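The values are calculated or read from the model by the stated rules, or taken from the named source; none is laboratory data. This is a predicted model, so every value here is computed, not measured. So basically every Cβ, Gly included, is an ideal-geometry build from the backbone, and we count neighbours across all protein chains shown.
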Amino acid sequence: MDLKNIEWDKLDFSYRYVPYRFHAHWKDGSWDEGKLVTENKIAIDEGATTLHYGQQIFEGMKAQMSKDGRILLFKPHENARRFQKSAQRLLMAEVPEELFMKGITETIKANKEYVPPYGYGASLYIRPFLIGMGENLGVRPAPEYLFCVFVSPVGPYFKEGFKPISLKVETFFDRCAAHGIGAAKAGGNYSASLLPLKYAREEGFNDVVYLDPIEHKYFEESGVANVFFVFKDSTLATPKSVSILDSIIRRSLVQVAQEDFDLTVEERRIHVDEISEMAEAGACGTAAVITPVGSLGYNGKIYRFYADGKEAGPITNKLYKHLSALHVGDIEDTRGWLEEVK
Ligand SMILES: *Cc1c(COP(=O)(O)O)cnc(C)c1O
């Protein structure tokens, strides 16, 4: 990719080849030190567990440039720890926190010309992943693992800007089983979500919000993001469940809502029948930080929130502005959430 041809304001959220990525191998009980490579193809045994039995996990992070030109990461150690939890659930070799951080920082530094400058809403998306490799046939944990980190400059997740989306409340399909791998950032959860997403899009929705897999009564999360709701009394609530992915942005949003905006926040089971009490809704995750949700479609009815679902609600809006400003260092980072890549 020729740097001269990058139009930072026109980037979309798609893969772009940049020169370096990081690979580390695990074999016979230990990790090698890992190194930067330029080849973006991976040669893999045909029987590898990642290909047949879904032994695959990943993370998603962003590096952003501050106004004064520093490259900032948002809570990267939380991603490192979640990566280990995901590995535990899929019985994969855990990547030590130091190796995870090394992989990320070395990849960013080697590609630092590709970190979009401040002011475009763009970022360097970081994709660490771990796959089971090695010769294999039967169902068992892999004899070898590969930890990789690649990066790609991306524009804002939603090109149209901070516009509300519509979600279909999914009453048939589940994203994961109640005590399955929903809490792990595993590719399998995403493959399960593709078909429901296709159907929802055909019905005119942007995305899906799943219900709990046991009773189909309580909100879980969207396919790629956690969700939150602002009730008419200004209480912010976010679903509590063992089968959702513990979003780092959601945890940050909860803290910011309580500490910086004095909102009452509840992490609890949220019944679908509470839709009528909701004034605003949003989805949250690293890619978009917050995406306002303007309407929910449930059992053939459309429930519209603030401004008839055409604009983000005021609370969603101020949380978004605050969190986005925190990410790029525009607001003072009093909690030590930012880490500079030097
Ligand atoms: C990654 C992910 C999220 C968002 O997590 P963040 O840590 O906030 O980026 C939410 N739900 C699912 C299913 C995810 O995979």
Cβ-Cβ below 8 Å, separation at least six or inter-chain, first residue in the range 244-268 and closer than 19 Å to Phe231 by Cβ, second among the small types (Gly, Ala, Ser) and within 11 Å of the ligand (Cβ to nearest atom): which pairs?
Arg250/Gly285
Among the numbered criteria (1) farther than 20 Å from Asn79 by Cβ; (2) within 11 Å of the ligand (Cβ to nearest atom); (3) among the basic types (Lys, Arg), which single criterion is violated by Arg250?
(1)
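Of the residues Ile244, Ile214, only one is part of a loop (DSSP other than H, G, I, E, B), within 12 Å of the ligand (Cβ to nearest atom) and either closer than 20 Å to Pro164 by Cα or not polar (S, T, N, Q) (or both); which?
On the way: Ile214 fails: within 12 Å of the ligand (Cβ to nearest atom).
That would be Ile244, the only listed residue that is part of a loop (DSSP other than H, G, I, E, B), within 12 Å of the ligand (Cβ to nearest atom) and either closer than 20 Å to Pro164 by Cα or not polar (S, T, N, Q) (or both).
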Only one of Gly187, Gly223 is within 23 Å of the chain's Cα centre (by Cα), on the phi < 0 side of the Ramachandran plot, modelled with pLDDT under 95 and within 13 Å of the ligand (Cβ to nearest atom). Can you tell me which?
Gly223
Got a number for residues in the range 139-168 being among the hydrophobic types (A, V, I, L, M, F, W, C), part of a strand (DSSP E or B) and under 25 Å from Lys27 (Cβ atoms)?
5
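Looking at Arg201, is it outside the structural domain of Asn299 (by TED's automatic domain parsing) and surrounded by fewer than 20 Cβ atoms within 10 Å (Cβ to Cβ)? Quick ask: steps written out before the conclusion?
Details: outside the structural domain of Asn299 (by TED's automatic domain parsing): no; surrounded by fewer than 20 Cβ atoms within 10 Å (Cβ to Cβ): yes.
In short, no.
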Keeping to the range 155-178, report how many residues are closer than 30 Å to Met133 by Cβ and either in the same structural domain as Ala80 (by TED's automatic domain parsing) or away from the ligand (no atom under 16 Å from the Cβ) (or both).
0
Going through (1) of a type in the set (Lys, Arg); (2) surrounded by fewer than 19 Cβ atoms within 10 Å (Cβ to Cβ); (3) farther than 30 Å from Gly47 by Cβ one by one, Lys75 fails only at (2)
Output the residues belonging to the range 184-218 that are of a type in the set (A, V, I, L, M, F, W, C) and touching a helix residue (DSSP H, G or I) at 6+ places or on another chain (Cβ under 7 Å).
Ala184, Ala186, Val208, Leu211
Going through the range 149-188 one residue at a time, which ones are surrounded by fewer than 20 Cβ atoms within 10 Å (Cβ to Cβ), more than 21 Å from Ile126 (Cβ to Cβ) and of a type outside the set (Gly, Ala, Ser)?
Glu160, Phe162, Lys163, Thr171, Phe172, Phe173, His179
Take Val115 and decide whether it is out of contact with any Pro (no Cβ under 9 Å at 6 or more places or on another chain), of a type in the set (A, V, I, L, M), buried (at least 18 other Cβ atoms within 10 Å of the Cβ) and more than 30 Å from Ile214 (Cβ to Cβ).
no
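Kindly evaluate Asn299 against the criterion of being surrounded by fewer than 20 Cβ atoms within 10 Å (Cβ to Cβ) and either of a type in the set (Phe, Trp, Tyr) or touching a residue at least 40 places away in the same chain (Cβ under 8 Å) (or both).
Working: surrounded by fewer than 20 Cβ atoms within 10 Å (Cβ to Cβ): yes; either of a type in the set (Phe, Trp, Tyr) or touching a residue at least 40 places away in the same chain (Cβ under 8 Å) (or both): yes.
Yes.
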Among residues belonging to the range 271-291 that are more than 16 Å from the ligand (Cβ to nearest atom) and within 25 Å of Leu323 (Cα to Cα), point out the one that is surrounded by the most Cβ atoms within 10 Å (Cβ to Cβ).
Glu280
If we ask which residues in the range 208-220 are buried (at least 21 other Cβ atoms within 10 Å of the Cβ) and in contact with a Leu (Cβ under 7 Å, 6 or more places away or on another chain), their number turns out to be 4
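So, Thr238, is that one part of a strand (DSSP E or B) and without any contact (Cβ under 8 Å) to a residue 40 or more places away in the chain or not?
Numbers: part of a strand (DSSP E or B): yes; without any contact (Cβ under 8 Å) to a residue 40 or more places away in the chain: yes.
For Thr238, the condition - part of a strand (DSSP E or B) and without any contact (Cβ under 8 Å) to a residue 40 or more places away in the chain - is met.
Mind telling me which of the residues Ser295, Ser234, Ser243, Ser276 ends up being on the phi > 0 side of the Ramachandran plot, not assigned by TED's automatic domain parsing to the domain that holds His77 and not charged (D, E, K, R)? Before the answer, list the steps.
Details: Ser295 fails: on the phi > 0 side of the Ramachandran plot; Ser243 fails: on the phi > 0 side of the Ramachandran plot; Ser276 fails: on the phi > 0 side of the Ramachandran plot.
None of the others qualify; the one that does is Ser234.
Here is a check on your reading of the model: is Asp9 over 22 Å from the mean Cα position of the chain (by Cα), within 26 Å of Ala122 (Cβ to Cβ) and assigned to a helix (DSSP H, G or I)? Don't jump to the end; show me each part of the working.
Details: over 22 Å from the mean Cα position of the chain (by Cα): yes; within 26 Å of Ala122 (Cβ to Cβ): yes; assigned to a helix (DSSP H, G or I): yes.
Yes; evaluated as a whole, the condition is true for this residue.
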Look through the range 37-66, keep the residues that are touching a Lys or Arg at 6+ places or on another chain (Cβ under 9 Å) and of a type in the set (Asp, Glu), and return whichever of them is nearest to the ligand (Cβ to nearest atom).
Glu59
